[in-house]
């Protein structure tokens, strides 16, 4: 609790729901309920994933937010904002706008800001400074992750406004920090693996279903981790241990 493991998912859920819902007293009550639910989901996932000694990361946020956003369709007194997408038939995408150096700079820092649903370059710069103060490795990983997602989206013909807003960077930012500064020893193999994951995330960003897709790196760990465990009781992130074998062949430091 002191490390905030049961708080950060609730905080992001609160920001997300107030981003997609019009704020009123009922909506605030809804947010409090959802934030409390993340603690229950976190405890359940920690119990389930303890078999493989895998941390829950932001999976409680993804699951809880998805459930509460989908539930809004059945609650007539909860009104969504124009930012909540509606279902529609797939249509062919067209290249929109010209990507310039300004787009790249704005998209780079906006991708960091989008971690907390803020499409603002100044916010992204402040977040980056905060990461730099906390960890230089995490700061570099975040910027490289945002850049990887941006370049992947640009290369595949994404719309310039979406690139500028950081829509292709936030998933890559979170994944890069996780893989680049927490779970893997930094070397050529882990960097290549991280770059591959980030480029894949950059191709499929979505404001609801894939937002904060720490779950992608989490699922990758679930599928490819081997249960060779040497438990460390004083872990700092979830159930982090030093004996987990990852695809790169390197243990957690």
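The calculated FRET efficiency for residue 50 paired with residue 162, based on their beta-carbon distance and R0 = 35 Å, is about 0.35.
The alpha carbon gyration tensor of segment 1-54 gives principal lengths a ≥ b ≥ c with a/c of 1.5 or higher and a/b greater than b/c, which makes the shape prolate. For the peptides 60-71, 31-42, the ranking by mean Cβ contacts within 10 Å, running from highest to lowest, is 60-71, 31-42. Annotation: extensible slack from residue 70 through residue 3 equals 21.1 nm (criterion: 0.36 nm per residue apart, minus Cα-Cα distance).
Based on the Cβ-Cβ distance from residue 135 to residue 18, what FRET efficiency comes out when R0 is 30 Å, to the nearest 0.05?
Details: r = 28 Å, r/R0 = 0.95.
The value I calculate is 0.60.
Ordered by the count of other Cβ atoms within 10 Å of each Cβ, fewest first, 13, 95 give 95, 13.
Taking 0.36 nm per residue of sequence separation and removing the Cα-Cα distance, the residue 116/residue 95 pair yields an extension gain of 4.9 nm.
Bear in mind that the values in this text are calculations on the coordinates, not laboratory data. Note that this is a predicted model, so its numbers are computed, not measured. Every residue, glycine as well, gets a Cβ built from its backbone with ideal geometry; the counts of neighbours run over all protein chains shown.
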